Amino acid sequence: YLIIDMPPGTGDEAMSIVQLIPKADGVVIVTTPQDVALLDSRKSITFAAQVKIPIIGLVENMSGFVCPHCGKTTDIFKSGGGEDTAKAMNVQFLGRVPIEPEVVVSGDSGMPIVLKNPDSHSAKAFKSIVSKIVKTVEKK
């Protein structure tokens, strides 16, 4: 898999990628739950459809903050906007990834959270999302 992380929107970067890789297996749109971010996500979904790149699905990032002390999740930036957008645009919802301080610490140490703490909320979310992406791509 080649994963290209791009800035939000449908600017020059997206157009260049489409021209360089016209037969890509698909695109995964990542959003946060805020209304402004969801507008960009909708534009990206529409863009992908127009250039005939399959849309694998949508991920809601920063979907709640997991307190490292009590484990409770607080919806700082709202929650559910990604799933609602996916449903409204007839796109597969791949899952939610919470904000978890341990993700930063493990990443800074060079150890991804899925290896350092596979039972964390974020690691479980990543594993579930990747599983859905692989299943979707392999169906094609």
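Would you please classify the overall shape of region 25-83 from the alpha carbon gyration tensor, given that a ≥ b ≥ c denote the square roots of the eigenvalues, rounded means a/c under 1.5, and beyond that prolate means a/b larger than b/c while oblate covers the rest? Provide the component values of the computation, followed by the final result.
Values: a/c = 4.78, a/b = 2.38, b/c = 2.01.
Taking the square roots of the gyration eigenvalues as a ≥ b ≥ c, region 25-83 is prolate.
Stretch residue 17-residue 134 to full length: gain in nm at 0.36 nm per residue minus the Cα-Cα span?
On the way: separation 117, 0.36 × 117 = 42.12 nm, distance 2.08 nm.
Additional length available on full extension: 40.0 nm.
Taking the Cα centre as origin and putting +1 on Lys and Arg beta-carbons and -1 on Asp and Glu beta-carbons, what dipole magnitude results for the chain, to the nearest 20 debye?
On the way: 15 positive and 15 negative charges, 114 e Å.
Rounded to the nearest 20 debye, it is 540 debye.
Count the lysine pairs in the chain whose Cα atoms lie under 18 Å apart, taking only pairs 8 or more positions apart in sequence or on different chains.
Close lysine pairs under the 18 Å cut-off: 16.
Determine the share of region 65-140's accessible area contributed by carbon and sulfur atoms, expressed in whole percent, with a 1.4 angstrom probe. Walk me through the intermediate numbers first.
Numbers: 2760 of 4750 Å².
Carbon and sulfur together cover 58 percent of it.
In Å², and per residue, what accessible area does the chain have when probed at 1.4 Å with the other protein chains present? Working shown, then result.
Values: 8690 Å² over 140 residues.
On a per-residue basis, 62 Å².
Just report the Cα centroid separation between region 74-99 and region 18-37, whole Å.
15
Bins of 10 Å, beginning at zero and ending with the bin holding the largest distance: percent of Cα pairs per bin for region 1-44, please.
Calculated over all Cα pairs of region 1-44, the distribution is 25, 55, 19, 1 percent.
Rounded, prolate or oblate: which fits region 59-135, taking a ≥ b ≥ c as square roots of the Cα gyration tensor eigenvalues, rounded meaning a/c under 1.5, else prolate when a/b beats b/c? Provide the component values of the computation, followed by the final result.
Values: a/c = 2.62, a/b = 1.39, b/c = 1.89.
Because a/c hits 1.5 or more and a/b fails to exceed b/c, region 59-135 counts as oblate.
For labels at residue 52 and residue 84 in the simple 7 Å Cα→Cβ model, what's the distance in nm?
Inter-label distance under the simple model: 3.5 nm.
Compare the peptides 102-108, 134-140 by average per-residue count of other Cβ atoms within 10 angstrom and give them in order, highest first. Kindly include the intermediate steps, with their values, before the conclusion.
Numbers: 102-108: 14.7, 134-140: 10.7.
Averaged packing, sorted descending, gives the order 102-108, 134-140.
Which net charge results for the neighbourhood of residue 123, defined as the other residues with beta-carbon distances under 10 angstrom from its beta-carbon, given Lys and Arg at +1 and Asp and Glu at -1?
Details: positive: 116, 124, 127; negative: 100, 102, 119.
Neighbour charge sum, excluding residue 123 itself: 0.
For residue 27, which sequence-distant residues (separation of 5 or more, or a different chain) have an amide H within less than 5 Å of its own amide H, given hydrogens modelled in the peptide plane?
Under 5 Å from the amide H of residue 27 lie the amide H atoms of 55, 56, 57, each far enough along the sequence or on another chain.
So how far apart, in nm, are the two label points at residue 24 and residue 102 if each is 7 Å from Cα heading toward Cβ?
Taking the simple label geometry, residue 24 and residue 102 are separated by 3.2 nm.
Over region 1-127, what is the relative contact order in whole percent, taking alpha-carbon pairs under 8 Å and six or more residues apart? List each step's numbers first, then the result.
Working: 203 pairs, mean separation 26.0, N = 127.
20 percent.
What nm value, rounded to one decimal, do you get for the distance between residue 72 and residue 5 when each label is placed 7 Å out toward the C-beta?
3.1
Against the 2.2 N^0.38 Å scaling, with N counting residues, where does the chain land? I'd like the Cα-based Rg ratio to two decimal places.
Ratio of Rg to 2.2 N^0.38 Å for the chain: 1.08.
The values are calculated or read from the model by the stated rules, or taken from the named source; none is laboratory data. In this text, all values refer to a predicted model and were calculated from it rather than measured experimentally. Neighbour counts are summed over all protein chains in view; Cβ atoms, including those assigned to glycine, are modelled from backbone coordinates with ideal geometry. Calculation scope for accessible area: heavy atoms of the full protein, side chains included, ligands and nucleic acids excluded. Shrake-Rupley method; radii C 1.70, N 1.55, O 1.52, S 1.80 Å.
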